[in-house]
Amino acid sequence: MKKIINICLLVFFFTSCEEVIEVDLDDAPPRLVIEASINWIKETSGQSQFVRLSTTAPYFDTEIPPVNNAEVFITDDEGNQFDFIEDGNSGFYYTQNFIPQLNKTYYLTVITEGETYTAEETLLPVSDLEYVSQQNGEIFSEEYIEIKAYFNDPVEEENYYFYSFYAENDTTINVQEDRLVNGNEMFAYFNSEELKPGDEVEINLYGVSKRYFTYINTLLSQTGESGGPFETQPATVRGNIVNTTNPENFAFGYFRLSETDTYTFTIE
């Protein structure tokens with residue numbers, strides 16, 4: 001009986017010394033997020049495109065709040081206008097008549113809550129994905145699969161690339177530039193411990209601007225940092241979208257247009 005009482009007192013001692021620490025997340029007012037990635041997949045018309053509008057949300061919220069009833073359209077330098085219509089109250093705005101042309105400049109306009117947001121970007125070409133290689137390896141007793149997707153960089157051009165690998169259990173994105181390998185064969189790279197034989201991996205390669213390359217590079221470097229919750233938080237990363245009505249109420253996101261090559265690879 002004495003032993004039981006001593007154990008109970010010990011448990012009480014440790015639980016009574018427990019201190020609850022409340023973290024002040026300093027939730028800011030909601031801010032508009034514009035996801036406007038216009039991808040022209042090779043050998044398609046590229047007419048079907050969408051823009052997604054949402055707002056930022058408190059840290060612990062699990063749902064992304066959509067922005068409804070906005071006016072969204074893209075124009076080109078010849079005065080053609082492509083209107084995007086919202087699907088229900090989803091925050092996804094679609095068009096079925098976009099006309100993509102390489103090296104042409106396009107202008108995005110989003111009007112919501114009485115404020116106008118604009119951006120401009122050029123639709124850039126991309127090289128073809130030529131072939132994909134697979135290599136199996138092991139490190140620290142953990143097996144992994146490495147995939148490389150090869151393409152040829154054009155000679156005497158300054159080129160920037162964005163690429164993605166999508167698998168059922170793993171995914172990655174990254175950017176590359178040809179500064180040190182101009183005109184040579186390049187490759188997009190992915191390795192994973194989650195892949196297994198029979199899995200399909202969708203590989204996408206996009207031609208992008210230098211500004212978008214820098215934007216994604218900055219985002220990836222910040223999200224890759226492993227600091228604790230009490231460390232200084234990363235700086236705000238701004239895209240190319242400008243609020244022309246109220247510049248201080250800027251939006252997050254980026255307006256990008258890319259020719260895209262895609263390749264589906266099956267793990268052996």
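The values are calculated or read from the model by the stated rules, or taken from the named source; none is laboratory data. In this text the structure is predicted, and so the values were computed from the model without any measurement. So basically every Cβ, Gly included, is an ideal-geometry build from the backbone, and we count neighbours across all protein chains shown.
So is E78 outside any strand (DSSP E or B), acidic (D, E) and under 20 Å from the mean Cα position of the chain (by Cα) or not?
On the way: outside any strand (DSSP E or B): yes; acidic (D, E): yes; under 20 Å from the mean Cα position of the chain (by Cα): no.
For E78, the condition - outside any strand (DSSP E or B), acidic (D, E) and under 20 Å from the mean Cα position of the chain (by Cα) - is not met.
Here is the figure for segment 102-121: residues that are crowded, with 16+ Cβ neighbours inside 10 Å and either of a type in the set (F, W, Y) or under 27 Å from N152 (Cα atoms) (or both) total 3. Here T118 meets each of (1) part of a strand (DSSP E or B); (2) closer than 17 Å to D261 by Cα with one exception, condition (2).
Within segment 190-208, is even one residue part of a strand (DSSP E or B), charged (D, E, K, R) and at pLDDT below 95? No: segment 190-208 contains no residue that is part of a strand (DSSP E or B), charged (D, E, K, R) and at pLDDT below 95. Taking (1) hydrophobic (A, V, I, L, M, F, W, C); (2) surrounded by 12 or more Cβ atoms within 10 Å (Cβ to Cβ); (3) part of a loop (DSSP other than H, G, I, E, B) in turn, L180 satisfies each apart from (2).
Considering N89, N97, N69, the condition of being of a type in the set (S, T, N, Q), on the phi > 0 side of the Ramachandran plot and not in a strand (DSSP E or B) is satisfied by N69 alone.
Table: residues versus (1) within 22 Å of the chain's Cα centre (by Cα); (2) not in a strand (DSSP E or B).
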residue: P30; (1), (2): yes, yes
residue: E43; (1), (2): no, yes
residue: D83; (1), (2): no, no
residue: N136; (1), (2): no, no
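When E193 is tested against (1) loosely packed, with under 15 Cβ neighbours inside 10 Å; (2) among the acidic types (D, E); (3) closer than 30 Å to F82 by Cα, only condition (3) is not met. Within segment 61-76, the residues that satisfy the criterion of being of a type outside the set (A, V, I, L, M), over 25 Å from F162 (Cα atoms) and in contact (Cβ under 8 Å) with a residue 12 or more places away in the chain are P65, P66, N68, N69, E71. Residues in segment 118-133 that are out of contact with any Lys or Arg (no Cβ under 8 Å at 6 or more places or on another chain) and more than 30 Å from R238 (Cβ to Cβ): L129, E130, Y131.
Scanning segment 147-177 for residues that are among the β-branched types (V, I, T), within 18 Å of L124 (Cα to Cα) and surrounded by 12 or more Cβ atoms within 10 Å (Cβ to Cβ) yields a count of 1. Name the residues in segment 88-112 that are of a type outside the set (G, A, S) and without any contact (Cβ under 8 Å) to a residue 24 or more places away in the chain, would you? Within segment 88-112, N89, N103 qualify. In segment 57-77, is there at least one residue being more than 21 Å from A28 (Cα to Cα), loosely packed, with under 13 Cβ neighbours inside 10 Å and modelled with pLDDT under 95? Yes, segment 57-77 has at least one match. Of everything listed in (1) farther than 30 Å from V67 by Cβ; (2) surrounded by 15 or more Cβ atoms within 10 Å (Cβ to Cβ); (3) in contact with a Phe, Trp or Tyr (Cβ under 8 Å, 6 or more places away or on another chain), the single unmet condition for S209 is (1).
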